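The structure appears right after this line, and notes come after that.
The values are calculated or read from the model by the stated rules, or taken from the named source; none is laboratory data. Since the model is a prediction, treat every value here as computed from it, not as a measurement. Methodologically, a virtual Cβ is constructed for each residue, glycine included, from the backbone with ideal geometry; neighbour enumeration extends over all protein chains shown.
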Amino acid sequence: MDYFRSIVVVAAIAGIVAGIGMTIAQQLVTVPMILKAELFEAQSASDGSSPATAAGVAAHDHGAQSEAHGHAEQAGAHDHGDGWAPADGIERTAFTLLANVVTGVGFALLLVAASELFGGLAGWRQGVFWGLAGFVIFTLAPGLGLAPELPAMPAAELGARQIWWVGTVVSTALALWLLFYVKSLPATVLAFVLLIAPHVIGAPQPASHESPIPDNLHHSFIVAVVLTTLVFWGLLGGLAGYARERFIGHA
Amino acid sequence: MTTRSTKSASDQNSAVALTADRAVPVFMAALLGIFIIGGVGFSHIEAVHNAAHDYRHSMAFPCH
């Protein structure tokens, strides 16, 4: 088989299976917390004296309540607008599954492509370690600066956060490459600089972290996100390593 | 087990540097991956955002 097609097949197998697994984990663990947060959000949107609106933190509006629009005009608006959104229930879950599977394939393509640069994954076990690297790069490092957040939680401007997120991902990936493949003292020192630099620069933060979400719910959500993504990356890497042996072998 | 050890032995020999004809497909695959993740996780298009809402929160992508 053509090399490019083999990479895509391996990534598709890993991404689809890990994406389905991740969707199940999310429905069990993270989505119930998101739905709970949306209740706090709706409550604070209808109650003008809530801490969120008092702090100038705007409502998290899904376009359902027209009265929330007034709050959404304020600084730091958390507005989903009037655009199309999937209906709650099966439709919403189906789109979450679609997003998980599609991005699972995307992450798998990156993982397989990166590992091919270094000779390719030799079996599922090596795949798991590459998956752990993906977890450090895409979840742990950016999550230190931008903690997983629930609906209704205030955050800095989206564009700035996305730039910081991408910068942190690239910097952490380079650091791991220097650590594991360049293997010299200067490279190791530079790797630590690259690991630390994004956090010295600092992620964009909102003016105030005040929100209607209880701290313990947020804390549980952070733990749930970190652990479900850890399992996702382990599964993605392991499956990619397993499929690589079968579809690319030692070509 | 025997096949396994022969395999890893041949792995050592075939762990060659990346040749040009393999580099192009690898970079194409990586670009495709970046394009997919960017499209789903970073889109500012409202409908795309709303569809992937729970996913973005659950993966801790910068959201909203």
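For the stretch A:148-201, name all the residues that are closer than 19 Å to residue A:135 by Cα and small (Gly, Ala, Ser).
A:167, A:171, A:173, A:175, A:191, A:197
List every residue pair whose Cβ atoms lie under 7 Å apart, where the two residues are 6 or more positions apart in sequence or sit on different chains, the first residue falls within the stretch B:35-60 and is free of Cβ contacts under 8 Å to residues at least 40 places away in the same chain and under 16 Å from residue A:165 (Cβ atoms), and the second residue, located anywhere, is outside any helix (DSSP H, G or I) and hydroxyl-bearing (Ser, Thr, Tyr).
If the second residue must be outside any helix (DSSP H, G or I) and hydroxyl-bearing (Ser, Thr, Tyr), the pairs left are B:49/B:43.
To keep it simple, each residue is scored yes or no on (1) crowded, with 16+ Cβ neighbours inside 10 Å; (2) among the hydrophobic types (A, V, I, L, M, F, W, C); (3) at pLDDT 50 or above.
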position: A:10; (1), (2), (3): yes, yes, yes
position: A:17; (1), (2), (3): yes, yes, yes
position: A:41; (1), (2), (3): yes, no, yes
position: A:51; (1), (2), (3): no, no, no
position: A:66; (1), (2), (3): no, no, no
position: A:76; (1), (2), (3): yes, no, no
position: A:88; (1), (2), (3): no, no, yes
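Here is a check on your reading of the model: is residue A:213 over 28 Å from residue A:126 (Cα atoms) and β-branched (Val, Ile, Thr)?
yes
Answer with yes or no whether residue A:111 is in contact (Cβ under 8 Å) with a residue 24 or more places away in the chain, touching a Phe, Trp or Tyr at 6+ places or on another chain (Cβ under 6 Å), facing chain B (nearest Cβ under 7 Å) and surrounded by 17 or more Cβ atoms within 10 Å (Cβ to Cβ).
In short, no.
Restricting to the stretch A:98-108, and then to whatever is hydrophobic (A, V, I, L, M, F, W, C) and at the interface with chain B (Cβ under 7 Å from one of its Cβ atoms), can you tell me which residue is nearest to residue A:136 (Cα to Cα)?
So the residue we want is A:107.
Among the numbered criteria (1) touching a residue at least 12 places away in the same chain (Cβ under 8 Å); (2) surrounded by fewer than 20 Cβ atoms within 10 Å (Cβ to Cβ); (3) hydroxyl-bearing (Ser, Thr, Tyr), which one does residue A:139 miss?
The single condition residue A:139 does not satisfy is (2).
Take the residues in the stretch A:146-204 that are polar (S, T, N, Q) and at pLDDT 95 or above; name whichever of them is surrounded by the most Cβ atoms within 10 Å (Cβ to Cβ).
Among those residues, the one meeting the criterion is A:168.
Any idea which of A:116, A:149 is among the acidic types (Asp, Glu), within 27 Å of residue A:206 (Cα to Cα) and either within 11 Å of another protein chain (Cβ to nearest Cβ) or in contact (Cβ under 8 Å) with a residue 60 or more places away in the chain (or both)?
None of the others qualify; the one that does is A:149.
For residue A:129, are the conditions met, namely being assigned to a helix (DSSP H, G or I), more than 7 Å from chain B (Cβ to nearest Cβ) and under 17 Å from the mean Cα position of the chain (by Cα)?
No, not satisfied.
Pick out the one residue from A:202, A:234 that is out of contact with any strand residue (DSSP E or B) (no Cβ under 6 Å at 6 or more places or on another chain) and under 20 Å from residue B:64 (Cα atoms).
Result of the check over A:202, A:234: A:202.
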